[in-house]
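Trainee: Would you mind keeping the following structure in view while I ask a few things?
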Amino acid sequence: MAYFSQQLINAVTLGAIYGLIAIGYTMVYGIIGMINFAHGEVFMIGAFISLIGFMICSTLGIGSAPVAIILVLFMSMVFTAVYGWSIERLAYRPLRGSFKLAPLISAIGVSIVLQNYVQLAQGARFKPGGRIVEGGFNLFTADGFDVRVSWLQIVIVIVTVVLMAGFSLMIARTPLGRKQRACEQDMKMASLLGVDVDRTISLTFVMGAALAAVAGMLFLMYYGIIDFFIGFLAGIKAFTAAVLGGIGSLPGAMLGGLLIGVIEVFWAGYFSSEYKDVAAFSILILVLIFRPSGLLGKPEIEKV
Amino acid sequence: MGPRLPSMLKDAGLTAFVAAALGIFIVGFRTYDVSGKGLTFDYQFTDLAIAVATIFVGRLGLLLAAEGLRWPALVLGAVLGGIGAGPLALPSDFLHWFMALGGLLIIGRALWPWARQRMSTAQHSRRGLLLGRAGAKWFGWILIAGAVALPFAPFADQKTMDLSVLILTYIMLGWGLNIVVGLAGLLDLGYVAFYAVGAYTYALLSTELGLGFWIILPLAGMMAASFGILLGFPVLRLRGDYLAIVTLGFGEIIRLVLINWVDLTHGPDGIRSIPGPTLFGAVFAETAPAGHQTFSEMMGLPFSANQRLIFLYYIILVLALATNLFTQRLRRLPVGRAWEALREDETACRALGINPTSTKLTAFAIGAMFAGIAGSFFAAKQRFISPESFVFIESAIILAIVVLGGMGSQIGVVLASVLLIGLPEWFRELGSYRMLAFGLAMVLIMVFRPRGLISHREPSLRLHPVRPGGDG
């Protein structure tokens, strides 16, 4: 029971991070129907900007952890969002109206470019850092096994919940959210009714990238080590989460993120850690085969 | 230029501003390890400033060129290229390349309308038309003749032959993937998995059971094809982009299994001392194992290490040409036409009574088969394989070859392989920028030439035969 609870706590933490990345996939897919293959790399860039941000904070002598976290969070969101915007502007926007697979191929190119750009600029080695929240407390002890919750896990869950709540409100209540939903339903009609479609799509990428930056920062703080390649696996797992929850659906992305976190942690905890990535990929394949619309998604209707 | 200049300057300024925002953390601070002290960083703001200035000038030059102001653009391009290629010491090699290529880009953009006009007049003259038609007819044959004669060329040393074998392997893989991506329109991001299946089939059968290369070759092809069917059967109903992600997942699963199934595959250590191919039982080595003879003994030639390479070269040449011939023939058969029709409109095909799943399945299986055969050749050539050789990036490289060449174009695959595999190997110093250039090429091709380098494709079928001298 104690082991189970500990695994569950770890799973929720990991799931929160996947959920944040998954939102970026799901929103972009919802609005322009493309898989933003480079989104994992945007997450990686966010993690790197956070790493450098934390180092700058310690150089400047900002010792208080909450101040540093908020500063870095803000900085990483803003500058990673610039990446999201630029990618859309340079690599995806010119392709609207091209053949079906063009945006995906372009996204694969962007992903390769970003990985190698960071590798060239920052080196290929693992970068340790970001361990600024230490400690935790014992939740309870059972069967001689301590169930621990670290402060960091609480920070991660709080940041995720606050951001997701704010985000859902934004989609549901603000004019921007309304425009986004309009574009999702019918882009042509929305543009006829005076919605600036290009701008709305740009903002979608900006928001997705900002959330991926938060995920990157949390990932860095949680694992304490990153390299230029983390975006690939995290990206695929988050995409799996988005598909599992039902691509295009925001609550689905969060649910999917949690489920993928649970599956990964429990698989590693109870079966074998070697095959935990195989588990994630297998779930992706199984979901796509048996329930391509996901848990909370609407089935797609093919129109001629 | 007058009134437009301020808005161009504003545009270039904005571009430079965005570039500065992109680069400030990742380029401006370079993190590195200090042993014992952990991570620390250097400031690289000079590099960043020079790069941003280059982007400003570059954007301005491109805008000027787009407005048709050829001379100012040419001057800017020449200045930029001159600084980049000149003796002035910049903080890093990368900046030299960046500025020089930026300058070339502006000059190219400025001269583009003029060059295009010249090209199109030349193409449409009677002479140009005749030349073009003769070229299209004979170009392939000339290439094949050159490829056959290559080992006897005076410059064919070991390095050149090695590289040619490598390029031909990628050409074969590119032609195999072209069936799946180019003809059937199925984006396969896990193609390297079938390559791995072929390589491991050969490695295991030859080291464990002692079977020969020529027996295993078709077996490896069949093995990979059955993996293709096994994977394809459930997933080919999916939409294009989902299919891409599923194949990517499948490729990764195969790789992870190869790493973790240590009893069978020796895990990350790989399989060593795989026997090479034989010619009528003769081996290519200095001394033959008992019961065999070496190639040099059989032919009465002095032994040379080059013989093995030349033999490998001809094997892969024949395999690649067989792939090509097979594809060209298939395109004329009903199943080949069904592939291309499916790529264009699946719903219409279904309405016409074509079974999409089984049609896609044949494309998938045939593509996989060629990858398996190529993989088996790869294992025989390297004599050592490990899961390292079958990572996702290999799939991306093969896909880049197909995309760059122009999906469905056979000759395009050849050009793209030479360009993407040959050039980086010749210019070793570009090594670390190679993947960066790959990625950029994929994006730029999609943006500017989505049909690839060779965008013209012979129709598989013509309603009326081409009249000589007509406009076809």
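FYI, it's all coordinate maths here, none of it is from the lab. Not measured: the values here are computed from a predicted model. Positions of Cβ are generated from backbone atoms using ideal geometry, with glycine treated the same way; all protein chains shown enter the neighbour counts.
Trainee: Any idea what log10 I(q)/I(0) is at q = 0.21 Å⁻¹ for the range A:214-284, Debye with uniform C-alpha scatterers and no solvent?
Mentor: Summing over Cα pairs of the range A:214-284 leads to -0.98.
Trainee: Also: Fewest Cβ neighbours within 10 Å first, please rank B:PHE213, A:PHE281 accordingly.
Mentor: Numbers: B:PHE213 21, A:PHE281 24.
Ordered from fewest to most neighbouring Cβ atoms within 10 Å, B:PHE213, A:PHE281 come out as B:PHE213, A:PHE281.
Trainee: Okay, next question. Normalized C-alpha radius of gyration of the range A:2-290, against 2.2 N^0.38 Å? All intermediate terms of the calculation are to be shown ahead of the outcome.
Mentor: Values: Rg = 19.0 Å, N = 289, 2.2 N^0.38 = 18.9 Å.
Computed over Cα atoms of the range A:2-290, the ratio equals 1.01.
Trainee: Sticking with this structure for a sec: What angle do you read, to the nearest 10 degrees and between 0 and 90, between the alpha-carbon axis of helix B:240-260 and the longest principal axis of chain B?
Mentor: Taking Cα atoms only, the helix is inclined about 60 degrees.
Trainee: Putting +1 on Lys and Arg Cβ atoms and -1 on Asp and Glu Cβ atoms, find which of A:VAL155, A:ALA209, A:PRO66 reaches farthest to the positive end of the dipole of the range A:2-290.
Mentor: Positive-end residue among those listed: A:ALA209.
Trainee: Averaged over peptide B:234-247, how many Cβ atoms belonging to another chain are found within 10 Å of each residue's Cβ? Could the numbers behind the result be given before it?
Mentor: Numbers: counts 5, 3, 0, 3, 4, 6, 5, 10, 7, 2, 6, 11, 8, 1.
That works out to 5 on average.
Trainee: Enumerate the amide H contacts of A:ILE225 below 5 Å, restricted to partners 5 or more residues apart or on another chain; note that Pro and chain-start residues carry no placed amide H.
Mentor: Residues meeting the criterion, in which the H sits 1.01 Å from N, are A:GLY129.
Trainee: Now, a different point. What does the structure give for B:393-402 when I average, per residue, the other chain Cβ atoms found within 10 Å of the residue Cβ?
Mentor: On the way: counts 3, 0, 1, 5, 1, 0, 3, 4, 0, 1.
Neighbouring Cβ atoms belonging to other protein chains average 2 per residue here.
Trainee: Hey, another quick one. Amide H to amide H under 5 Å from B:ILE385: which residues, 5+ apart in sequence or cross-chain, H placed 1.01 Å off N in plane?
Mentor: B:ILE271
Trainee: If you don't mind, there's one more thing I want to ask. Note down the relative contact order for the range B:1-123 as a percent, whole number, built from C-alpha pairs under 8 angstrom at least six residues apart. It would help to have the intermediate numbers written out before the result.
Mentor: Working: 141 pairs, mean separation 27.0, N = 123.
It comes to 22 percent, rounded to a whole number.
Trainee: Where does the range B:147-448 land on Rg(C-alpha)/(2.2 N^0.38 Å)? Present the calculation step by step, with values, prior to reporting the outcome.
Mentor: Details: Rg = 19.6 Å, N = 302, 2.2 N^0.38 = 19.3 Å.
Normalised Cα radius of gyration, the range B:147-448: 1.02.
Trainee: Find how many whole Å separate the alpha carbon centroid of the range B:102-168 from the alpha carbon centroid of the range A:214-289.
Mentor: Cα centres, the range A:214-289 to the range B:102-168: 46 Å.
Trainee: What's the ranking of B:392-400, A:256-264, A:189-197 by average number of surrounding C-beta atoms within 10 Å, highest first? Could the numbers behind the result be given before it?
Mentor: Values: B:392-400: 22.1, A:256-264: 24.3, A:189-197: 13.3.
Going by the mean number of other Cβ atoms within 10 Å, highest first, we get A:256-264, B:392-400, A:189-197.
Trainee: A 29 angstrom limit on the alpha carbon distance is what I want to check against. Which of A:LYS237/B:LYS360; A:LYS100/A:LYS276; A:LYS100/B:LYS159 exceed it? Before the final figure, lay out each step's value.
Mentor: Details: A:LYS237/B:LYS360 27 Å; A:LYS100/A:LYS276 33 Å; A:LYS100/B:LYS159 41 Å.
From the list (A:LYS237/B:LYS360; A:LYS100/A:LYS276; A:LYS100/B:LYS159), the Cα-Cα distance tops 29 Å for A:LYS100/A:LYS276; A:LYS100/B:LYS159.
Trainee: As an exercise, find the ratio Rg/Rh for the protein assembly as shown from alpha-carbon atoms, using the Kirkwood inverse-distance average for Rh. Display every interim value, and only then the final one.
Mentor: Numbers: Rg = 27.9 Å, Rh = 28.5 Å.
Value, to two decimals: 0.98.
Trainee: Shifting gears a bit: Between A:LEU295 and B:LEU301, how high is the FRET efficiency from 1/(1 + (r/R0)^6) when r is the Cβ-Cβ distance and R₀ = 56 Å? Nearest 0.05.
Mentor: Details: r = 68 Å, r/R0 = 1.22.
That pair, A:LEU295 with B:LEU301, gives E of 0.25.
Trainee: Treating each Cα of the range B:4-115 as an identical point scatterer and ignoring solvent, apply the Debye formula and state log10 I(q)/I(0) at q = 0.13, 0.16 Å⁻¹.
Mentor: -0.54, -0.75
Trainee: May I ask you to evaluate 6.51 cos²θ - 1.76 cosθ + 1.60, the Karplus curve with θ = phi - 60°, for each residue of the range A:43-58 and list the ³J(HN,Hα) values in order in whole Hz, giving x for glycine and proline?
Mentor: The phi angles translate into 4, 4, 4, x, 5, 5, 4, 5, 4, 5, x, 4, 5, 5, 4, 6 Hz.
Trainee: Express the relative contact order of chain B as a whole percentage, based on alpha carbon pairs under 8 Å and six or more residues apart in sequence.
Mentor: On the way: 625 pairs, mean separation 89.3, N = 472.
Over chain B, the number comes to 19 percent.
Trainee: Looking only at trypsin sites (Lys or Arg not before Pro) in DSSP loops with at most 14 other Cβ atoms within 10 Å, what is the longest site-free stretch of chain A?
Mentor: A:132-302
Trainee: On to the next question. Using amide H atoms built 1.01 Å from N in the peptide plane, name the residues 5+ places from B:PHE29, or on other chains, whose amide H lies under 5 Å from its own.
Mentor: For B:PHE29, whose amide H was placed from the backbone, the distant partners under 5 Å are B:GLN44.
Trainee: For the range B:65-70, take each phi angle, set θ = phi - 60°, evaluate the Karplus expression 6.51 cos²θ - 1.76 cosθ + 1.60, and give the result in whole Hz per residue in order, putting x for glycine and proline.
Mentor: Taking θ as phi minus 60°, the curve returns 5, 5, 7, x, 8, 5 Hz for the range B:65-70.
Trainee: Looking at the calculated P(r) for the range A:41-157, what percent of the C-alpha pair distances fall above 26 Å? Provide the component values of the computation, followed by the final result.
Mentor: Details: 2843 of 6786 pairs.
When all Cα pairs of the range A:41-157 are counted, 42 percent exceed 26 Å.
Trainee: Still on this structure, I have one more. For the pair B:ASP157 and B:TRP214, how long in nm is the line joining their label points, each one 7 Å along Cα→Cβ?
Mentor: Each label point is offset 7 Å from its Cα along the Cβ direction, giving 3.4 nm.
Trainee: Taking other Cβ within 10 Å of each residue's Cβ, how do B:LYS360, B:LYS10 sort, fewest first? Mind showing how you got there, number by number?
Mentor: Values: B:LYS360 24, B:LYS10 10.
Neighbour counts put them in this order, fewest first: B:LYS10, B:LYS360.
Trainee: Placing +1 on the Cβ of each Lys and Arg and -1 on the Cβ of each Asp and Glu in chain B, which of B:LEU361, B:SER206, B:PHE194 has its Cα farthest towards the positive end of the resulting dipole?
Mentor: B:LEU361
Trainee: Mean shadow of the range A:87-246, computed from the convex hull of its alpha carbons, in nm²? Working shown, then result.
Mentor: Working: hull surface 52.1 nm².
Approximately 13.0 nm², given one-decimal rounding.
Trainee: Over the Cα atoms of the range B:340-391, compute the convex hull volume and normalise it per residue, giving Å³. Walk me through the numbers before you get to the answer.
Mentor: Working: hull volume 4.7 nm³, N = 52.
Hull volume normalised by residue count: 91 Å³.
Trainee: With an 8 Å Cα cut-off and a minimum separation of 6 or more residues, compute the relative contact order for chain A in percent. Write down the numbers at each step before the final one.
Mentor: Values: 486 pairs, mean separation 109.1, N = 304.
Relative contact order for chain A comes out at 36 percent.
Trainee: Can you compute 3J(HN,Hα) from phi for each residue in the range B:4-9, using the Karplus curve 6.51 cos²θ - 1.76 cosθ + 1.60 with θ = phi - 60°, rounded to whole Hz and x for Gly and Pro?
Mentor: Here the 3J(HN,Hα) series is 7, 4, x, 5, 5, 4 Hz.
Trainee: Could you work out, residue by residue across A:39-52, how many beta carbons of other chains sit within 10 Å of that residue's beta carbon, and then give the average as an integer? Please report the intermediate quantities before stating the final value.
Mentor: On the way: counts 0, 0, 0, 0, 0, 0, 3, 0, 0, 4, 4, 1, 5, 9.
For peptide A:39-52, the averaged partner shielding equals 2.
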